[in-house]
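These notes are about the structure you will find just below.
Only the coordinates and a few stated rules stand behind these numbers; no lab work does. Every value quoted in this text rests on a predicted model; they were computed, and no experiment measured them. All Cβ positions, even for glycine, are placed from backbone atoms using ideal geometry, and neighbour counts span all protein chains on display.
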Amino acid sequence: MGTLWFWIVALMLVAYVVLDGFDIGVGIVYLFVARTEDERRQAMSSIGPFWDGNEVWLLAAGGTLFFAFPLLYASAFSGFYLPLMIVLWLLILRGVSIELRSHSGDPLWRTFFDALFAFASILLAIFFGTALANVIRGVPIGPDDYFFLPLWTNWRIGPHPGILDWYTVTGGVLALVALAVHGALYLALKTEGELERRSRAFALKAWPVLLVLTLAGLPLTVLARPHALQNYIDHPISFLVPCALLASLAVVIFATGRHSSQAAFLGSCAYLATMMAGAVIGLFPVLLPTVGTDGRDITIALALAGPHTLRVGLVWWTIGILLAVLYFALIQWLFRGKVSQHADGYGH
């Protein structure tokens, strides 16, 4: 049951990264590719029906942690209190900027919320990447299974790390570039005209940077956490995941070059999914590793809730996830196709 819930949480996090990743990515590239008012309305319309629904997966993952792995929830949410509050405010600012932008035709009003939308999206990508890198690197868990992390210390990996160091910042930059490419490919898929052309050109230019950061990620991860490859060594079939990761990057560049927007976007989805899967495989069965203290890793067995909670939770989770998938499929069907160059609001 513990392994099942581990992979359920992992699946929801992958869904969140892939789905909310494209609208965060749109925010990252927004000011670079959408240069006129019509193009910015077009970009906003492309994510308008989806962005709030995509965030359900983040809420679902947090709720699942609460009842399936209560010790992990308590430890992580207390130790990462500061960055979690920052992420919460950034999510609020993104939502506010999307919803309020069209409430006035004043150019200053729209410029302000355009900048706010891009600013919050860029920082969100960096913070999410930094958070994942913190989990992979490990945190100084104490004997009481709690920890505290300052925002930074000496920027080095060691017994007293901060939230920001050279490894976690690299993770943040990788997430920023990956989601920027993801968002640009989504715009190329969903829009038309100059916005589509600029989005595709942005993805082509950013792809080499993404390739370099991805290739550097493995040795840097092994340097930050020497046991990161142990599961791969014990189960060599797991190396198919990094192979699939590189294959998805190849699909992205070839499909983008051939103007095959759908294949390129699906390749980007596969890239993000395999990137997350690779990190999860490297951690299993540890949920949150410890570094440099007398504490212990928070593992599945240590953090797992009681059997009754897990059985009842599985029933309600199944019902909830079916409703979420149904909603997602319906919205995708209703708003399928490209957004018109003259779209306003959520219209296609």
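Counting neighbouring Cβ atoms within 10 Å and putting the fewest first, the residues MET44, MET12 line up as MET12, MET44.
Averaging over all projection directions, the Cα-based convex hull of the range 91-180 occupies 7.4 nm² in the image plane.
Using Cα centres only, tell me the gap between the range 265-298 and the range 1-31 in whole Å. Each part reduced to its Cα centre gives a spacing of 13 Å. Over the Cα atoms of the range 1-98, the radius of gyration divided by the Kirkwood radius equals 1.07; this is the Rg/Rh ratio. Relative to the longest principal axis of the C-alpha atoms of the chain, give the angle of the C-alpha long axis of helix 2-33, reported between 0 and 90° and rounded to the nearest 10°. Helix 2-33 sits roughly 30 degrees off the main axis of the chain.
Rounded to the nearest 10 degrees, what's the angle between the helix 107-137 long axis and the longest principal axis of the chain, both from Cα atoms, 0 to 90? Helix 107-137 sits roughly 30 degrees off the main axis of the chain.
Roughly how far apart, in whole Å, are the Cα centres of the range 145-216 and the range 66-86? Each part's Cα centre sits 23 Å from the other's. The Stokes-Einstein estimate for the chain, based on a Kirkwood radius over Cα pairs and taken at 25 °C with 0.890 mPa s viscosity, is a diffusion coefficient of 117 µm²/s. Computed as a quarter of the hull surface, the mean projected area of the alpha carbon convex hull for the range 276-330 stands at 5.7 nm².
With contacts taken as Cα pairs under 8 Å and at least 6 residues apart, the chain reaches a relative contact order of 28 percent. Adding -39500 (n - 2.57) for every DSSP H run of four residues or longer, then dividing by how many residues the chain holds, sets the calculated 222 nm ellipticity at -25000 deg cm²/dmol.
Shown for LYS338, LYS190: other C-beta atoms within 10 Å of each C-beta, ranked fewest to most, produce the order LYS338, LYS190.
Exposure proxy ranking for SER248, SER75, SER121, SER340, based on other Cβ atoms within 10 angstrom of each Cβ and starting from the fewest, stands as SER340, SER248, SER75, SER121.
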